[in-house]
Amino acid sequence: MSATLIDGKAFAARVRDKVADHVTRLREEHGIVPGLAVVLVGEDPASQVYVRSKGKQTVECGMASFEHKLDADTPEADLLALVAKLNADPEVHGILVQLPLPAHLDSDLVINSIDPAKDVDGFHISNVGLLGTGQKSMVPCTPLGCLMMLRDHHGSLSGMNAVVVGRSNIVGKPMAQLLLGESCTVTIAHSRTKDLPEVCRRADILVAAVGRPEMIPGDWVKPGATVIDVGINRIDAPEKGAGKTRLVGDVAFDGCAAVAGAITPVPGGVGPMTIACLLANTVTACCRANGLAEPE
Ligand code: NDP
């Protein structure tokens, strides 16, 4: 491997330390405790793991965590009523409704019922519009984490060619907006993109957010490029024993690391940064709600 490993786990720990410091100051100087409410509908195993982890890290940073677990068949009106209650609760500064929601619930309707000022996931249509027009907003956590690692590694990203593979509302599109905001020349690729290998080879910054295990091989990567692997895919790992699995990203790590200048691993790259940014967004929302200076 010739690429520098971008250690998201260590970076996330530093972000959490800063969040914890800010939380301490808010409590000691202003008597305010930032609060994050997480709503989980149903029993999706991956979502349960995420929600547990978010709650644990929220408390470890000194913030208040409010978990709301609802049955999978919860009527939409009940979920909307809960969101309305959290919107009105002064102890709740951030609200996150864990996606995906069960099929009978309208995700757009639910997300857009969250007070945009408390929308720490940055998925509310108002925040999407603010980000798209370069105004102050709540920025989605996963792309924000990617951007923080890129800025830390490169300093200025101005003028770089960035290719984002994936155009989802939660990762690909906001990632492209953020890179555009950094004055990158941005290409968004997707399942209909023609000659994807060639498009990827033009990238100084290649962000993979596809959801296909190890789809991007080393010969799609420009020598020296920075590769950010957002993908989290669980695949069989017979080498670890019968029935065992392991996590891989959307890029073939060994092949890409041999060519890239820098690369994030999976696990230990983008994943830990996502929750750290959620905590940071909650503190930001709390500061804005109280008219106080935001963390940098
Ligand atoms: P989506 O399924 O919503 O979007 C996937 C995107 O990839 C789509 O735009 C799709 O194109 C594109 N795509 C699919 N197949 C191809 C292909 N063969 N060639 C080019 N593009 C393709 O996924 P998400 O954005 O929600 O997530 C992407 C990955 O990131 C997943 O592995 C997910 O688990 C992971 N993830 C990780 C997070 C973290 O914290 N690290 C957080 C969120 C997600 P089209 O639009 O044309 O269908």
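The values are calculated or read from the model by the stated rules, or taken from the named source; none is laboratory data. Everything numeric in this text was worked out from a predicted model, so none of it was measured. Backbone-built Cβ (ideal geometry, glycine too); neighbour counts: all protein chains shown.
Which residue is nearest to the ligand (Cβ to nearest atom), if the candidates are limited to the range 154-177 and must be crowded, with 24+ Cβ neighbours inside 10 Å and farther than 15 Å from residue 210 by Cβ? Once the filter is applied, the top-ranked residue is 174.
Of all residues in the range 211-251, those satisfying the criterion of being within 14 Å of the ligand (Cβ to nearest atom) and in a loop (DSSP other than H, G, I, E, B) are 211, 212, 213, 214, 215, 217, 230, 231, 232, 249, 250. Inside the range 270-296, residues that are under 14 Å from residue 144 (Cβ atoms) and either within 16 Å of the ligand (Cβ to nearest atom) or touching a residue at least 12 places away in the same chain (Cβ under 8 Å) (or both) make up a count of 17. Going residue by residue through the range 121-136, is there one that turns out to be without any contact (Cβ under 8 Å) to a residue 24 or more places away in the chain, within 16 Å of residue 184 (Cα to Cα), surrounded by fewer than 22 Cβ atoms within 10 Å (Cβ to Cβ) and in the same structural domain as residue 206 (by TED's automatic domain parsing)? No.
Out of the residues in the range 187-207 that are more than 8 Å from the ligand (Cβ to nearest atom) and within 18 Å of residue 142 (Cβ to Cβ), state the one that is surrounded by the most Cβ atoms within 10 Å (Cβ to Cβ). Per the criteria, the residue is 207.
Filtering the range 114-148 to residues that are over 18 Å from residue 170 (Cβ atoms) and of a type outside the set (S, T, N, Q) leaves 115, 117, 134, 136. Please tell me if residue 272 is touching a strand residue (DSSP E or B) at 6+ places or on another chain (Cβ under 8 Å), surrounded by fewer than 24 Cβ atoms within 10 Å (Cβ to Cβ) and modelled with pLDDT of 95 or more. When the stated conditions are applied, residue 272 does not pass them.
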